[in-house]
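Notes follow the structure.
The values are calculated or read from the model by the stated rules, or taken from the named source; none is laboratory data. All of these numbers come straight from a predicted model, not from anything done at the bench. Using ideal geometry, Cβ is built from the backbone for each residue, glycine included, and neighbour counts are taken over all protein chains shown. We work out accessible area using only protein heavy atoms, side chains counted, and drop any ligands, DNA or RNA first. Shrake-Rupley method; radii C 1.70, N 1.55, O 1.52, S 1.80 Å.
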Amino acid sequence: MTEKRTSLSRRNFFRNAGIAAGTLVAASTLPAFDAVLFAAVKRNTKGPWYGIAIDIEKCIGCGTCAKTCKIENDVPREPFFFRSWVEQYTILKDGSIKVVSPNGGIDGFTQTVPADDIEKTFFVPKMCNHCAKSPCVQVCPVGATFETEEGIVLIDEKYCIGCKYCVQACPYGCRYFHPDKHVVDKCTLCFHRVKKGLNPACMDNCPTKARISGDLNDPESTISKFIRTRNVYVLKPHLNTGSKLYYNALNQEVR
Amino acid sequence: MPLHLKRLIMLGVMIVLLFLLLKHLLTPASFGQFGHYRGKAIDEIAAHQVKFVGNTACVSCHDTIVTMKNEGYHSDLSCEGCHGAAYLHVDHPKLEKLFKPDSREFCGKCHSINKARPEKAITQQNIKDHHPEDKCIKCHNPHQP
């Protein structure tokens with residue numbers, strides 16, 4: 001009883017009130033928690049920060065990007081796994097959507113839907129989004145996949161144990177299990193070319209120059225100007241992956 | 001302290017030491033250099049062979065044909081987009097020959113009629129009806145179409 005009375009004494013009340021008031025005053029000087037800032041992408045500030053832009057209005061669906069990517073990066077032609085591929089979306093007049101990607105678009109496309117039934121149709125080239133907050137990197141149990149300082153997501157093929165967890169985690173389906181190397185493989189944005197000052201193979205060989213890659217930190221680069229002047233959109237923005245693959249004129253039907 | 005407790009503590013210490021030793025032996029030297037990954041992997045990936053050498057390499061021998069191409073509708077095309085990667089050909093031009101596409105299907109990958117292709121951006125032709133018995137390159141020079 002005595003102890004309980006002591007804890008409710010006037011002295012203790014003043015002391016506790018003082019501590020509470022002091023903590024409040026001190027806490028008020030801290031910056032407020034901002035959920036938007038907390039979720040924002042932390043980008044490289046010292047060097048380049050690479051991104052990709054694809055102009056849907058220019059893509060003719062020839063599949064050269066998919067073909068050259070396979071040659072440049074030793075991806076076997078068959079079975080049909082891809083680092084970079086093309087899909088054709090066909091929105092029919094009855095509202096249904098048909099998505100095809102025969103052999104990843106590597107042998108071209110043949111429209112099977114009669115022209116009269118088509119409301120709108122277009123090609124969507126796809127590849128790794130090189131997310132700044134990659135879900136695939138977050139799930140790797142051994143640290144075999146990582147984001148470089150320049151914002152390129154890579155795989156260490158000597159360290160990958162082939163558990164394929166990252167294949168499941170990628171919301172864009174950009175990873176596959178390499179049938180010969182028995183490790184997971186994906187687009188490196190032609191890291192070996194970019195480091196030598198070249199463009200990725202798919203960008204260099206695109207006949208209509210529908211694909212651009214470059215430094216998002218440089219306001220004068222082609223890609224920065226492209227993103228500023230077009231109505232660009234990323235895939236699945238609600239997932240907050242920090243995707244850096246920007247599409248011009250993308251339809252909302254594209255997933 | 002009872003003997004059984006001493007033994008338990010000793011066993012615990014040995015397990016921790018064994019774990020630290022294994023971790024030291026199994027972790028690659030460059031792991032953690034930049035982040036939770038092997039730092040050397042960056043250099044290994046950057047050292048991969050470049051296979052598409054670019055039009056500048058083609059010009060040094062095939063200047064007339066590249067100039068012809070650059071003056072026509074195909075000026076934006078890269079040589080290797082149709083002919084394939086030339087990294088072996090530039091080193092051994094006599095031994096390693098490049099691919100010369102001549103099939104109707106190859107031209108059709110870009111030029112066959114498809115509503116998804118922007119009409120203004122590319123000439124399209126019904127390749128089933130347009131002189132089906134001949135190869136496209138019989139009439140159209142791919143370097144100056």
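At a glance:
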read-out	value
Residue among B:D76, B:D134 that alone is on the phi < 0 side of the Ramachandran plot and assigned by TED's automatic domain parsing to the domain that holds B:V53	B:D76
Top-ranked residue in region B:136-145 [being in contact with a helix residue (DSSP H, G or I) (Cβ under 6 Å, 6 or more places away or on another chain) and part of a loop (DSSP other than H, G, I, E, B); ranked as modelled with the highest pLDDT]	B:H143
Hits in region A:63-74 - residues which are out of contact with any helix residue (DSSP H, G or I) (no Cβ under 7 Å at 6 or more places or on another chain) and closer than 13 Å to A:M127 by Cβ	A:K70, A:N73
Among (1) facing chain A (nearest Cβ under 9 Å); (2) on the phi < 0 side of the Ramachandran plot; (3) open to solvent by less than 60 Å² (accessible area, probe 1.4 Å), the one test that B:P101 misses	(1)
Hits in region A:127-163 - residues which are open to solvent by less than 40 Å² (accessible area, probe 1.4 Å), of a type in the set (D, E) and closer than 28 Å to A:V254 by Cβ	A:E150
Test for A:P125: is it under 21 Å from B:P118 (Cβ atoms), more than 10 Å from chain B (Cβ to nearest Cβ) and at pLDDT 95 or above	yes
Top-ranked residue of region B:60-90 - restricted to ones that are among the aliphatic types (A, V, I, L, M) and facing another protein chain (nearest Cβ under 10 Å), ranked as farthest from the chain's Cα centre (by Cα)	B:L77
Test: residue in region A:107-118 that is part of a loop (DSSP other than H, G, I, E, B) and either within 30 Å of A:R43 (Cα to Cα) or hydrophobic (A, V, I, L, M, F, W, C) (or both)	yes
Close pairs from region A:31-45: first charged (D, E, K, R), partner in a loop (DSSP other than H, G, I, E, B), Cβ under 7 Å, at least 6 apart	A:R43/A:W49; A:R43/A:A132; A:R43/A:G151
Meets criteria (modelled with pLDDT of 90 or more and buried (at least 18 other Cβ atoms within 10 Å of the Cβ)) for A:N217	yes
Some residue of region A:52-63 being away from every other protein chain (no Cβ under 12 Å) and not β-branched (V, I, T)	yes
Residue match in region A:164-178 (condition: crowded, with 19+ Cβ neighbours inside 10 Å, over 22 Å from B:A47 (Cβ atoms) and in contact with a Leu (Cβ under 7 Å, 6 or more places away or on another chain))	yes
Positions within region A:111-156 being polar (S, T, N, Q) and over 13 Å from A:C170 (Cα atoms), in sequence order	A:Q111, A:T112, A:T121, A:T148
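Per-residue answers, yes or no, for (1) buried (at least 17 other Cβ atoms within 10 Å of the Cβ); (2) of a type in the set (K, R); (3) facing chain B (nearest Cβ under 10 Å):
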| site | (1), (2), (3) |
| --- | --- |
| A:N73 | yes, no, yes |
| A:R77 | no, yes, no |
| A:F80 | no, no, no |
| A:R83 | yes, yes, no |
| A:D94 | no, no, no |
| A:V99 | no, no, no |
| A:F109 | yes, no, yes |
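So that you can scan it fast, the table gives a plain yes or no per residue for (1) of a type outside the set (A, V, I, L, M, F, W, C); (2) open to solvent by 20 Å² or more (accessible area, probe 1.4 Å); (3) at pLDDT below 95:
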site: B:Q33; (1), (2), (3): yes, yes, yes
site: B:S60; (1), (2), (3): yes, yes, yes
site: B:D63; (1), (2), (3): yes, yes, yes
site: B:T67; (1), (2), (3): yes, yes, yes
site: B:Y73; (1), (2), (3): yes, yes, yes
site: B:S78; (1), (2), (3): yes, no, yes
site: B:A86; (1), (2), (3): no, no, yes
site: B:H92; (1), (2), (3): yes, yes, yes
